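Asker: For reference, the structure I am asking about is given below.
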């Protein structure tokens with residue numbers, strides 16, 4: 001962990017923003033610093049969701065992680081825009097790939113959290129055994 005010293009005024013500003021968004025000042029500072037220090041990506045926007053921040057292609061609901069998942073399945077940027085996601089441009093796909101390389105840990109975590117196995121573990125943890133069996137139709 002690294003420590004940054006802020007002026008009292010700046011920290012109070014962070015506290016106000018944190019209270020408005022139900023986050024900690026550290027989380028707000030991390031988000032602001034990441035946005036300001038990270039390389040710019042013309043076709044990517046980071047949105048806050050209940051589950052955390054997610055990088056999407058601007059003007060779409062398509063996460064960068066989906067683009068990466070398709071590429072890992074053997075698709076090419078050309079096949080993505082030609083057959084699978086024709087509403088996208090090659091520039092958008094290549095910017096998603098560039099964003100991935102600049103934020104690899106975040107996207108890898110998102111990919112890990114979007115597996116069936118992770119989803120089942122999450123349900124078991126939050127619903128308990130009986131709730132999990134009921135939701136998955138296994139309580140017969």
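Asker: Cut-off 10 angstrom, C-alpha nodes, Gaussian network model of the chain. Which of 78, 113, 125 fluctuates the most?
Answerer: 125
Asker: Another question, if that's okay. Taking neighbour Cβ counts within 10 Å as the exposure measure, how do 28, 135 sort from fewest upward?
Answerer: Placing the least packed residue first, the sequence is 135, 28.
Asker: While we're looking at this one, here's another question. GNM on the chain, C-alpha springs below 10 Å: top fluctuator among 61, 17, 72?
Answerer: Top of the fluctuation ranking is 17.
Asker: Let me ask something else. With the Cα gyration tensor of the stretch 1-60 in hand, give its eigenvalues times 5 under a square root as the equivalent ellipsoid semi-axes, listed largest first in whole angstrom.
Answerer: 24, 15, 10
Asker: Still on this structure, I have one more. So for 84, 67, 62, fewest C-beta neighbours within 10 Å to most, what's the order?
Answerer: Neighbour counts put them in this order, fewest first: 84, 62, 67.
Asker: Could you please rank 26, 95, placing first whichever residue has the fewest other Cβ atoms within 10 Å of its Cβ?
Answerer: 26, 95
Asker: Here is a further query. Calculate the translational D of the stretch 57-131 in whole µm² s⁻¹ from Stokes-Einstein, where the hydrodynamic radius comes from the Kirkwood formula applied to all Cα pairs, the temperature is 20 °C and the viscosity 1.002 mPa s.
Answerer: Result for D is 156 µm²/s.
Asker: In deg cm²/dmol and to the nearest 500, what is the mean residue ellipticity at 222 nm of the chain if only DSSP H runs of at least 4 residues count, each as -39500 (n - 2.57), divided by the residue total?
Answerer: Dividing the helical sum by the residues of the chain leaves -18000 deg cm²/dmol.
Asker: Write down Rg/Rh for the chain, rounded to two decimals, with Rg from the C-alpha atoms and Rh from the Kirkwood relation over Cα pairs.
Answerer: 1.07
Asker: Taking only Cα atoms and a 10 Å spring cutoff, compute GNM fluctuations for the chain and point out the largest among 89, 51, 115.
Answerer: Of 89, 51, 115, the Gaussian network model singles out 51 as fluctuating most.
Computed from the coordinates by the stated procedures, all read-outs in this text should not be read as laboratory data. Just so you know, these numbers come straight off a predicted model, no measurement behind them. No Cβ is skipped: glycine too gets one built from the backbone with ideal geometry, and neighbour counts run over all protein chains shown.
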